[in-house]
Amino acid sequence: MDANDAHDPLTIAERWMDDGRMVALATVVETWGSAPRPVGSHLVIDGEGNFHGSVSGGCVEGAVIGEAMEVIGNGEPRLLEFGVADETAWRVGLSCGGRIRVYVERVG
Amino acid sequence: MDPYLLRKLNTERAARRAVIHLTDLGDGRDRVVREGDPVAGPLGAAVESAFRSGKSAIVAAEDRNFFLNVHLPPARIVVIGAVHISQALAQMAKVAGFDITIIDPRTAFATEERFADVDLVADWPEDVLPARPLDAYTALVAVTHDPKIDDFPLSQALSTGCFYIGALGSRKTHARRVERLKALGHSDSEIATISAPIGLDIGAASPAEIAVAILADIVAHLRRRPLLGAVS
């Protein structure tokens, strides 16, 4: 995405950081099958649960945001995996049938 | 992620420079690699290949998993000359995913009617380029045939290392152009990077076919370009 775009998640992450907010960054690091967002896509989350960008086009953002709040709390990065084959599919799965891995880290 | 790295990443991206955000998925340590920065070992080869392909991916090296997030500036095309070829090229470039700008000081050519929904600037390249500089992720296509209009942007393109430089004109026209560019201080090897006659040799005849040849040539140069800092 263009760094000069006002909706660019990395630009928003920096702005939030400057505003003194706690920030986590989620990144799609691997995809299998028909994943909705390409590898490298970002979702930026603040300590209040506000977010920008996407890692799946809406399917698993809710779960990623929950994990991101914990990452903001303890600073430990984590690698999440979502997909229909996953047992969590009943709750948060990708309806498209793909699988994705998402890396979540705290900024700072 | 270190806040300093996030700033560095954003600064580089805003300046249209290619960077990779490299993260060790095991311990979370990360860094920002600029194109041309030396990276040793098998990871170095993966970094080089990622800069070329633009594809982000996990790479296993030295028993570790690294995530390489590649940020390449969006490639764009600057065309000097609002001619018939440019009209076709503007449409095709959009389909192929390139941003395109057309510059021509001749207001008879550079009209809204001929170039609807195209980024068109009816001004001299000398006046336009300082505010919108060429760079390594820009292709420069000069198609006016007029040295007064084409020479300045061609010289700028050589100096800034545009990944593609094409100039329309017969071999005779180009031979005279080469002499003028030499007089401006450009070396033979620099000048040799100009695609002239312009475009891939596919026997293109009509303006639209020439546009196809130019666009294919641009794609070939983008995907096979030597990396910055690479020894040629």
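The values are calculated or read from the model by the stated rules, or taken from the named source; none is laboratory data. Keep in mind the model is a prediction, meaning the values are calculated, not measured. Reconstructed Cβ throughout: ideal geometry from the backbone, glycine too, with neighbour counts over all protein chains shown. Side chains are part of the model used for accessible areas, which takes the heavy atoms of the whole protein and leaves out ligands, DNA and RNA. Shrake-Rupley method; radii C 1.70, N 1.55, O 1.52, S 1.80 Å.
Scanning the range B:58-102 for residues that are assigned to a helix (DSSP H, G or I) and open to solvent by 30 Å² or more (accessible area, probe 1.4 Å) yields B:H84, B:Q87, B:Q91, B:M92, B:K94, B:V95. Residues of the range A:85-101 include at least one that is part of a loop (DSSP other than H, G, I, E, B), of a type in the set (D, E) and modelled with pLDDT under 80.
Mind telling me which of the residues B:E126, B:E179 ends up being touching a residue at least 12 places away in the same chain (Cβ under 8 Å), open to solvent by 60 Å² or more (accessible area, probe 1.4 Å), outside any loop (DSSP other than H, G, I, E, B) and farther than 28 Å from B:R223 by Cα? Only one candidate qualifies: B:E126.
Within the bounds of the range B:144-164, is there any residue that is of a type in the set (K, R) and either surrounded by 17 or more Cβ atoms within 10 Å (Cβ to Cβ) or not assigned by TED's automatic domain parsing to the domain that holds B:L215 (or both)? Among the residues of the range B:144-164, not one is of a type in the set (K, R) and either surrounded by 17 or more Cβ atoms within 10 Å (Cβ to Cβ) or not assigned by TED's automatic domain parsing to the domain that holds B:L215 (or both), which makes the answer no. For the range B:131-139, state whether one or more residues are surrounded by 15 or more Cβ atoms within 10 Å (Cβ to Cβ), under 17 Å from the mean Cα position of the chain (by Cα) and not in a loop (DSSP other than H, G, I, E, B). Yes: one or more hits. Pairing each residue of the range B:98-114 that is more than 17 Å from B:R76 (Cα to Cα) with any residue that is open to solvent by 20 Å² or more (accessible area, probe 1.4 Å) and not aliphatic (A, V, I, L, M), provided the two are 6+ apart or on different chains, yields C-beta distances under 7 Å for B:P105/B:D123; B:P105/B:W124; B:R114/B:Q87. Among the conditions (1) facing chain A (nearest Cβ under 9 Å); (2) open to solvent by 20 Å² or more (accessible area, probe 1.4 Å), the only one that B:G26 does not satisfy is (1). With the requirement that a residue be out of contact with any Lys or Arg (no Cβ under 6 Å at 6 or more places or on another chain) and either of a type outside the set (A, V, I, L, M) or free of Cβ contacts under 8 Å to residues at least 40 places away in the same chain (or both), what does the range A:15-32 give you? Passing the criteria: A:R15, A:W16, A:D18, A:D19, A:G20, A:R21, A:T27, A:T31. Out of the residues in the range A:38-58 that are buried (at least 18 other Cβ atoms within 10 Å of the Cβ) and more than 11 Å from the chain's Cα centre (by Cα), which is nearest to B:N69 (Cα to Cα)? Per the criteria, the residue is A:V39. Apart from one condition, B:V33 fits all of (1) β-branched (V, I, T); (2) open to solvent by 40 Å² or more (accessible area, probe 1.4 Å); (3) more than 14 Å from chain A (Cβ to nearest Cβ); the exception is (2). Taking B:I198 as the residue in question, decide whether it is hydrophobic (A, V, I, L, M, F, W, C) and within 22 Å of B:V95 (Cβ to Cβ). Yes. Checked against the criterion of being surrounded by fewer than 20 Cβ atoms within 10 Å (Cβ to Cβ), within 18 Å of B:R225 (Cβ to Cβ) and within 14 Å of another protein chain (Cβ to nearest Cβ), the candidates B:K8, B:K55 yield just one match: B:K55.
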